[in-house]
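Structure first, then comments.
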Amino acid sequence: MSENSGPAILVENIKRKYGHIEALRGVNLQVEKGTIFGLLGSNGAGKSTLIKILVGSTRPNEGQVEVLGLNPFKDSRKLRELLGYMPQTPALYDDLSARENIRFFGQSHRLPDLTEQVEKVLEFTNLPGRAGDAVSGFSGGMKQRVSLACALVHRPQALFLDEPTAGVDPLLKENFWEHFRQLAAQGVTLFISTHLMDEALLCDKLAIMQDGAVLACDTPQNIMLRGNTTVKIWRGNRLERQTISEYPTQLPGLLQSYGLDPSITRLELDQDNLETIMLRLINAKPGANPEQAMAKVS
């Protein structure tokens, strides 16, 4: 596969063990270019291990991986120039300023326009006012901004973000997602690991992981359709409850039994939230412990 054809990321039957622990159990994924792809799961689900394999820092025991048409291990030098990686914990030099940190990371890519690019990503991440300040005095959210700028300085075609908004305030999270949308509109592929339900719903496509396996992979909207809807109907003071799945198509039939005009073929109602759906998927696995699953997600 060439760099310019096919999906941005292709994962086929990836397995990874650490001793007797199976971190990944035959993962298959395909991510199209210019997509914001979310990887949702609790701590220990295998999200970070998968990202490390995709960026070439950890080798799988089995399976095949292609990123931008390249093998992360055989073509590591070439691929490194095309990828940006923002780890869960910012890997910055506290004694350097924001600008100096970004310049340091940019120098490894031998950019001919390094100075210009540093200023561009400082502007993009809303950092110009603090560009000359030492990172040691920054809040966690500010360090996240610097880390994102470091990952973007060389204009990557694919960006891997491991829990990018964990611990940041709602306003900063909104700003980050504005940046992500801008990047996707420019054709950059974003692969985002998260355990935050509201963040997962902002992705173009979403994979739910647990215990090293992918439980579901679809658009957030389609995954939400897996939830159940409880319909409450009053006859005078008497309350009746009906629970249905696939409510857009099943709800009309239910309400027609109560005398709804049969010409109405589709209705929309509130349904289970993403956390409830995720827990149901986890608990559907053989041997799943509902209490343990709830503790992992919360």
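Every read-out reported here was derived from the displayed coordinates using simple, explicitly stated rules and does not represent laboratory data. Here the structure is a predicted model, which is why all the values come from computation and not from measurement. Backbone-built Cβ (ideal geometry, glycine too); neighbour counts: all protein chains shown.
Rg of the Cα atoms in region 1-130, relative to 2.2 N^0.38 Å, amounts to 1.21.
Based on the convex hull around the alpha carbon atoms, the chain presents an average projected area of 20.3 nm². Over region 190-239, Cα pairs under 8 Å with separation of 6+ residues give a relative contact order of 22 percent. Split the chain at each of the GluC sites (Glu not before Pro) in a DSSP loop with at most 16 other beta carbon atoms within 10 Å, and the longest piece is 82-245.
Work out the length of the dipole vector of the chain about its Cα centre, built from +1 on the beta-carbon of each Lys and Arg and -1 on the beta-carbon of each Asp and Glu, and round it to the nearest 20 debye. Could the numbers behind the result be given before it?
Numbers: 32 positive and 34 negative charges, 125 e Å.
The calculated dipole for the chain is roughly 600 debye.
Counting only chymotrypsin sites (Phe, Trp or Tyr not before Pro) that DSSP places in a loop and that have at most 14 other Cβ atoms within 10 Å, the longest clean stretch of the chain runs over 94-257. Farthest toward the dipole's positive end in the chain, which of Ile9, Phe160, Gly187, given Cβ charges of +1 (Lys, Arg) and -1 (Asp, Glu) about the Cα centre? Value: Ile9. Please state, as a whole number in µm²/s, the translational diffusion coefficient that the Stokes-Einstein equation yields for region 166-242 at 10 °C and 1.306 mPa s, with Rh defined as the Kirkwood radius across alpha carbon pairs. Translational D for this selection: 102 µm²/s.
Expressed as a rounded percentage, what relative contact order does the chain have, with Cα pairs under 8 Å and six or more residues apart?
Working: 539 pairs, mean separation 61.4, N = 298.
For the chain, the relative contact order is 21 percent.
For region 225-265, the ratio of Cα radius of gyration to the globular rule of thumb 2.2 N^0.38 Å stands at 1.20. In a DSSP loop and with at most 11 other Cβ atoms within 10 Å, the trypsin sites (Lys or Arg not before Pro) in region 87-124 are Arg110.
Length gained on full extension, Trp234 to Thr89: 47.0 nm, using 0.36 nm per residue less the C-alpha separation.
Of the residues Ser147, Pro220, Gly129, the one whose Cα sits farthest towards the positive end of the charge dipole of region 112-235 is Pro220 (charges of +1 on Lys and Arg Cβ, -1 on Asp and Glu Cβ, taken about the Cα centre).
What trypsin sites (Lys or Arg not before Pro) does region 44-98 have in DSSP loop regions with at most 15 other beta carbons within 10 Å? If you can, show how the numbers build up before the last one.
Numbers: sites: Lys47, Lys52, Lys74, Arg77, Lys78, Arg80; in loops: Lys74.
When the trypsin sites (Lys or Arg not before Pro) of region 44-98 are filtered for loop state and at most 15 Cβ neighbours within 10 Å, Lys74 remain.
Counting Lys and Arg as +1 and Asp and Glu as -1 over every other residue whose Cβ lies under 14 Å from the Cβ of Gly259, the net charge comes to -1. Roughly how far apart, in whole Å, are the Cα centres of region 56-109 and region 170-210? Region 56-109 and region 170-210 have Cα centres spaced 19 Å from each other. Model label points for Glu12 and His109, set 7 angstrom from Cα along the Cα-to-Cβ axis, are 2.9 nm apart.
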